[in-house]
Structures are given as structure tokens and as C-alpha cells.
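The values are calculated or read from the model by the stated rules, or taken from the named source; none is laboratory data. All values reported here derive from a predicted model rather than from experimental measurement. As a convention, Cβ positions derive from the backbone with ideal geometry for all residues, glycine included, and neighbour counts pool all protein chains shown. Only protein heavy atoms, including side chains, enter the accessible area calculation; ligands, DNA and RNA are left aside. Shrake-Rupley method; radii C 1.70, N 1.55, O 1.52, S 1.80 Å.
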Amino acid sequence: MSAVAELAPAPAMAQVGAQLDLAAAAELTGAAVLHALRSRPDGLSTAEAQRRLVEVGSNALRSHGARALPVFVRQLRNPLLLLLVAAALTSAFVGERTDALIIFSISCLSIGLGFVQEYRSEKAVEALHSRLRYTALALRDGAEAAIDVTELVPGDVVRIAVGDVVPADLRLLEADGLECDEAALTGESLPAEKQTAPTGKRDSPLDLASCAFLGTVVRAGSGLGVVVQTGSRTAFGAIAVRLGERPPQTAFQVGLAEFSRLLVRVTAALAFTILIVNVALGRSLLGSVLFTLAIAVGLTPQLLPAILTVSLSTGAKRLARRSVIVKRLIAIEDLGNIDVLFTDKTGTLTEGHIEFSSALDTAGNSAVEVLRLGLLCNEATRSSAKTFSGPLLDQALLATPQARAIDLGGFRRFDLRPFDYERRLASVLIEEPSGAHTVIVKGAPKIVLDRCTGVSAEARAVLDDQFAQGSRVIAVATRGARQRSSLSVGDEQELTLAGLLTFTDPVKSDAASALSRLNALDVEVKVITGDNDLVAAKVSAELGLKVLGTLTGDELDRLDDRGLATALPTTTIFARVTPEQKSRVIRAQRELQTTVGFLGDGVNDAVALHDADVGISVEGGSEVAKDAADIVLLAKDLDILADGVVEGRRIFANTIKYVLMGTSSNFGNVFSAGAASLYLSFLPLLPSQILLNNLLYDVSELTIPTDNVDEEQLRRPSHWDTGLIRRFMLFFGPISSLFDFAMFAILLWGFDAGATLFRSGWFAESLATQSLAIFAIRTRRIPFSRSRPSAALLLSTLTVVAIGIALPFSPLAHLLGLSKLPLGLLVVIAVVLPTYVLLLDVAKHWFYQREAAAPMRRRSPPVNARRIARRATRWSVPTLVHPTPHTHEGGSS
């Protein structure tokens, strides 16, 4: 029986997480913490971990899934609708049963419509979540295994490395140059250095050098730690729980909320005035209340949440068909707002298939010995005849046919210092067949040459020539060594340059057209690469990317933050940069109030993916990169990314269409009904007729997410502007009301209409005008016929108009308080409808000309809260699995 199996029995585990908080663990040695958690250096057994998971609960901060009851309850949050139902029930109680039944039925249909749309959208989100799995590398049964982060328990031993998001609160057992970005918790921009030695008492529970906190990002080094706290017991979890189940709102969602509050204020003022005046005119109190509430419901944008969620879920499905997987629905909006896109070079602008080209000595001649040295200092391994693993350049060396002809027999390797992105080189200590010991160093040419002595001008000229040809170059150097079995840092100094290894990576055939398309979408593309500046510049030139300037990693280090901010607008290529420098560049670009996207697929890209507004990785990329990204492309293709940008903008444009509709004809018609009630001897529409009109109109608007969007609206990012919406309402609302008042005059004086005919005529006309207005408002083109609506929107709109005109002739007419329309009135309506839409077209042209010069106001939500909530989605479980409770003793917060 293993030592792991001898742990304390499961019932005692209920107190493991609560007895030892992180601050207490920080003061103990690693061995003492393992003992307190009844764990071992080689981790838990699978069986023990399962028992602890049952006792302690999942390592979750969120739950996902479509739950019918909460969705239904949200439909009942409209107080106006509930008041209307209450008033209808009161009406039935006093004898007005027919009207009450109609009002109640229409209200139920409205609630049902919202429920169906929102529930379908939540099911789409649930399906999206089911495709995602975030894992951590834990020791189970004495071996490393990828474990779902939500299944980690106190006592698990976990490995973390650069780019990883720390999966739980850990007491570190090993730390090799480990640094963690704790800005989400502390606000500190500099990463925190970590150690394994116990930490004394601290004033802050977050000042624990011997611990790594859940939700923080590993910036450098690696480590091994034992899980002390999970889920909402962690410091990060406590914050995430306080933020609630739903992430903080984006700028777009904040704008929607502002718009809703604006309509609520207008509705309240209008409804209160109408109620007071109707009561003062001696009309029935109950009838006045029903009419006023119906007016208010007509003004409420009930379907706005459904329109947004349907748009996003529809967009996610469309993007999936285009090989773009969205991990957060709201990321589609972020994707459409990208102003600046940073992309790596290899595999995105180039084919990404590195092939060995040549081995050259310092004079530029072919040299087999240089290739031999490269093969000896190599981290790749051969899995089969055609399969290799390890660094790509090392794989290319092993795979080249020339390598097979080189005899490495008699060479013995004693030690290896692997390549890392800080040193940017690798070194080995070997024993030659003669018995001499030699150090071989291979890496980035500039780094290697700086460590060499006596590098000739001829050798530097050979290197520059290879760079100018666009080759990727690795420098190889050597030095003699005393007989020993290990390398030291000093062995990578005072080297002798042996020669160069060159590799090629041709540009992608379709990259130029993709860059051109992104440029047409007003997305500025910048190249950020670990490769040298000459190669990056040559590739950019081949693809037609206009290069404004170049900064290397060394030049970046010499710039302070203000200098970098000044340089960014005139810099297109960032070359020879480290992962930390990538992050610094992206953070600086975000400080310029631009929405930043970053496309990367390597382990070294993970931190930068976290720092970008939109992190984008690819299906074939490293697991760490995909884990950090918001968007995953099934192919590393900028054209696919451009599709995503277009889709994000299309969704924004279609949502704005619904908003503008609610502030123009719909608002105007409701205002007209209220105004008409003040001077008519009868109500212009019965409450049930207003509700039916509103329901039919809402049905026609549900197809807006499917609508086409004009090309010019997709050319640049769009941002929410509440001021423009308010001005739109004040401009177009009165136009709608003017037509309504003209219709009132025609009905009263042209047809001597009584109450029933007046209501029938205006019901048909108002429903038709407010529905058909979408064709003018959905586009900025003049005339509107130059922009083609989607088939679904066209069909739904015309169907609703036809229903509105047909209802007065239907068997339901008497029940609804309607009567047949005379032929002359139908002719008048047929003339009014195109006249109204054409007038909207003319007014729209004048309105947008006036708005063209107005600057657009942008708002951003609290960044830190948004990032915490965004990162917290990885600790999410289905709704049937309950997250850990967060109200208990012993939690670290």
C-alpha cells in the first residue's frame, strides 16, 4: 500500500479546507503544510481526491447552464406588466371579464415570447460552455495528470509555469524564478516574486511570498505547490463571488442600461400626466389606469435583452461555422471593437513550417561541422521515423536529410541548460570521442554574438546577409571545458563563434489579402515577434504591410512608459521581444484608449493573451495559450479573424437598429395615443388594443438579429452613444406623431369616425407605420431601397402589417373592439404608409449629416472588476454541480 493511501479517513476531510487558511500555511514549512493537509509531496490518490471533492465541494466560482425558472422569473421583473395584469384581474372582478381576458392573454403571450427567446439563448451558452475545459497539471497517484480545475481539492499538488493561471490558493513547495502577476488582487503593476521559505506575519493577507493566489498569472519561472484553499474560500474567489454570477457590464451593456433608464423616465412622466388628465376629465379610474399602464408597457423595451442575447448566440453559431470558437458570448462585441491587432509572425503571416536551409561557417561557406554542433545541442526527440517533439527549430534540424548522414557516435552529453525566453539560448556539455569536454551554445544570434570574443566583421556581414534574405538564423558557439558533469552560468560566456544555422518559413499565400481586408475594416495590424527586426520587416514588405517604424526589445527597455506611449502610434514592428515585453507593449497600447486584440499560440504568448482586451489563439496552439484566450480560431488565418471582427460589428449594428426603432416610430405612436386621449371623448385605443399592437410589433422585430448590415457600417468599430440615441428620439418621435395627428384628422373629419372605427383605422395604420419604419431606419443609405433587408425581417414585417390590416375584417374583430375598414380608408392608409417611410428617409439624411461631425463618446467599465469576472469563468461548473459555499470560517479574503 502506498503512503498516499494511508491518509486520514474521508470523514475527517470536511474540516481540512477550513482548518488551514492561506495566511497560516504561509508561516509553516512546506512539509508542515503537507502534514496538516494530510497530503504527500507526490500528491493525492485519485480515490482520496474524489472523497475530498465530495466533502469539500468543487473548486468553482460560477455555475453555467440554462435554468428555466430563473429565466421565467426575469420575465416577471417588469413592474408595469405585473401592474397591468393586476389591473386586468381587478377589471374582471368588477364585471369587465372580456377585456380582462384579452389583456391577460396578451400579457401572457408577451411573457412567453421573452421567455422562449432568452431560454434558447441560455441553452446556446450552455452548449458553448460544454465545449470548454480548463485543466491544471496535478500529481495524482504519484504521476502528473491534467485535472479539471474545478476538481482540485485541498492537498492536491500542482505544477505551474509561465502563462498559467494559478488554479487554486497554493502554498509553494518549489519555486524556480517564480513571479506572479497579482494586479487583479492588489492593483500592483509589478509581478510579485515568490519563494518557498515560510513567510512571517504580514499586515496584508495578500502579501504572502510563499503562496500563489488563485486567478493570478505566472509571469516568469515555474513552481510546485500544494492546494490550501479552493473556490470561494480563496482571495480571488471572494471577490468574484461579490461581483455576482454575471460579469460586470461592458461599455455596450452600460449604454443599454442608460437607454432603458431614459425610457423609464420618459414613460413615468408621460404615464403620470395621462393618468391625471384622464381622471380629471371624469373618465373611469379603472379604465384610465388600464389605459395608462398599457401606454407604459408599449414604451418599455421588453425585448431588448432578448434581442441582444439572440444576436450574440446567433453570432456565436455563425462564427463557429466560420471556424471561430467564442469562449465568452460578450467577447463577440469586444472582437468587433478591435482597433489595434497585435499578431505574431510565424504561422500567421508565414506558413509556420520551419525547414532547415543551410549550415554556414563564419566566412559564409557550407559547413557540416556547424550542423553537427547544432545536432549535439538539440532538445528535440524522434518519436518515430517521421514524428518529432520539442522546439520547432530543433525538430527541423533532426528532420533534415543532411542530419542522417552525420555520425554522432562517440559523443556523450553530460548536461543541458534548455532554451528559455529570457536567455534566448540553450547550452550543452559534451564529451567528444577524443575525451575532451566542450560546451556548445546555440541561440538568438545577437545574444550569442554578444557572448563571443573575436567575432570578425566578415561573420557579422554573413549574418546581416542572411537576415536581409528573410532567413531565421541560429548562431552556434563553443568553448573548452574542464572535465566535469554539469554546466554553470559562466559556461555561456567567452565563447568562440562556430557558425550559423539558417531556416526558412515562407509567407502565406493568402496573408496579404487578409491584411488588406483588416486594413479596410480600420483595424491597425502590428507585428510582435521574438524574431529579429530584419526578418519581420522583409515579411511585412512582401505582404504589403505598411511599416511606420520598428522597435527591438533592447530599445523597448530603454524607453520609460511615457516614451513607449509616444512611440506606439508610429511603430508597426516589435522585434526580438520577450514575453514580458509583449505584455508591456499591449498594456501600453490599451492605455491609449484603444481596444487591443492579440493573436498568439505559444506558451510564451499566454501572459500577453491575458493582458489584451481580446485574447485570440488557435486550435493547434499550446494548451496554455488556448486556455488564456477569449477566442479560439480553428485555423491560424487572419481572414478568419476578419470574419470575426465583421460579425461583432454586425451584431452591434443590428442591436442598435432595435434601439433606434424604440426611440422613433414606436415612441411617437405611444405619445400620440396619450395625447389623443386628452382631447377625444373616448380612448383612442383600448388597453387591449395597445397591448396587441405592441405584441405584434415585437414579433416583427425579433428577426432583426438576422438582418443584413451595410458594408459601410462594418468598416470601422462602433461604440455606444447615448447622446445620439436621445437626439434620435427627440427628432424622429415627433415626425411619427405628426403623421398620427394627420391620421386622426382624416378619421374624424374625413370619415366622421366614431370610437370603434377610429380605433380600427388607427390600430391598422399605427401598427403598419411603426413596423415599416424599420426599412428606413435600418440603413443610412438614401434611398433605403439601396440596402436589402434579410428575408426573415422582410417577411416578418410584411406579415405583421398584413395581420394588422386583416384583424378588423376577421372573426376576432368584435372581441377585440374592432370593425371593418371602409375602402376609402384603406386607400388612405395605402397612401400614408409609403409617404411616411419616404419622409423618414429624407429626415434621416438630414439628421446623419448633422451628426457626422459630432465626436462619439466612449465609456469603459471598471477594468479590474471586468478582468476578475472574465477570468473567473474558467472555474465554472454546470448548474447541477454546486460550487463551494462561501460563507464559512477560515476563508482567506
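Classify segment 801-848 as rounded, prolate or oblate from the Cα gyration tensor: take a ≥ b ≥ c as the square roots of its eigenvalues, call it rounded if a/c is under 1.5, otherwise prolate when a/b beats b/c and oblate if not. Note, shape of segment 801-848 comes out prolate. The simple spin-label model puts a point 7 Å past each Cα toward its Cβ; for LEU680 and ARG412 those points are separated by 10.4 nm. Simple spin-label estimate for LEU449 and LEU548 gives 2.9 nm between the two label positions (7 Å along the Cα-to-Cβ direction from each Cα). Taking other residues whose beta carbon is less than 11 angstrom from the beta carbon of ASP561, and scoring Lys, Arg as +1 and Asp, Glu as -1, yields +1. Couplings 3J(HN,Hα) for segment 579-586, derived from phi with the Karplus relation 6.51 cos²θ - 1.76 cosθ + 1.60 (θ = phi - 60°), are x, 5, 5, 4, 4, 4, 4, 5 Hz, where x marks Gly and Pro. Entry comment: accessible area of segment 570-613 is 25 Å² per residue, from protein heavy atoms only and a probe of 1.4 Å. Contact order for segment 497-592, expressed relative to its length and based on alpha carbon pairs under 8 Å spaced 6+ residues apart, stands at 31 percent. Calculated FRET efficiency, ASP560 to ALA146, Cβ-Cβ distance, R0 = 41 Å: about 0.50 to the nearest 0.05.
May I ask for the net charge around ARG479, where only other residues with Cβ less than 12 Å from the Cβ of ARG479 are counted and Lys, Arg are +1 while Asp, Glu are -1? Residues close to ARG479 contribute a combined charge of -1.
On the protein heavy atoms, probe 1.4 angstrom, tell me the percent of accessible surface of segment 316-356 carried by carbon and sulfur.
On segment 316-356, the fraction of accessible area on carbon and sulfur atoms equals 43 percent.
Amide H contacts for SER45 (H built 1.01 Å from N in the peptide plane; partners 5 or more residues away or on another chain; cut-off under 5 Å): ASP141. Projected label points at ALA457 and LYS317, each 7 Å from Cα along the beta carbon direction, are separated by 7.0 nanometres.
In the complete set of protein chains, residue-level accessible area for SER513 is approximately 70 Å², probe 1.4 angstrom. Protection proxy ranking of 794-803, 743-752, by the mean of other Cβ atoms within 10 Å over each peptide's residues and highest first, is 794-803, 743-752.
A dipole drawn for segment 592-708 from +1 and -1 charges on Cβ atoms has a positive end, and of LEU609, THR663, SER681 the residue lying farthest that way is SER681. So which aspartates and glutamates can LYS582 reach, going by Cα to Cα under 12 Å and dropping same-chain residues fewer than 8 places off? The reachable aspartates and glutamates, counting only those whose Cα sits under 12 Å from LYS582, are ASP344, ASP557, ASP605, ASP611. Given a Förster distance of 22 angstrom, what is the FRET efficiency for ARG716 paired with ASP510, based on the Cβ-Cβ distance and rounded to 0.05? The computed FRET efficiency comes out at 0.40. Between ARG159 and VAL842, the FRET efficiency estimated from the beta carbon spacing at R0 = 60 angstrom works out to 0.35. Amide hydrogen proximity for CYS452: with H placed 1.01 Å from N in the peptide plane, the residues at 5 or more positions away or on another chain lying under 5 Å are LEU495.
Is the C-alpha gyration tensor of segment 515-619 telling us rounded, prolate or oblate? Criteria: a/c under 1.5 is rounded; beyond that, a/b larger than b/c is prolate, otherwise oblate. Rounded, because the longest to shortest axis ratio a/c is under 1.5.
In a fully extended conformation the segment linking ILE276 and ALA742 would gain 165.2 nm over its present Cα-Cα distance, using 0.36 nm per residue.
Element breakdown for segment 477-591 at a 1.4 angstrom probe: carbon and sulfur atoms account for 48% of the accessible area.
Distances between every pair of Cα atoms in segment 596-709, grouped in 5 Å steps from 0 to the bin holding the largest one, split as 2, 11, 14, 12, 10, 8, 8, 8, 7, 6, 6, 5, 3, 2, 0, 0 percent. The phi-based Karplus calculation (6.51 cos²θ - 1.76 cosθ + 1.60; θ = phi - 60°) puts the 3J(HN,Hα) values of segment 35-51 at 5, 5, 8, 6, 10, 9, x, 8, x, 9, 7, 4, 5, 5, 4, 5, 5 Hz, whole numbers, x for Gly and Pro.
Loop-located trypsin sites (Lys or Arg not before Pro) across segment 688-773 with a Cβ neighbour count of 16 or fewer within 10 Å are ARG715, with loop assigned by DSSP.
Taking a ≥ b ≥ c as the square roots of the Cα gyration tensor eigenvalues, with a/c under 1.5 meaning rounded and otherwise prolate when a/b beats b/c, else oblate, which class fits segment 695-735? Note, shape of segment 695-735 comes out oblate.
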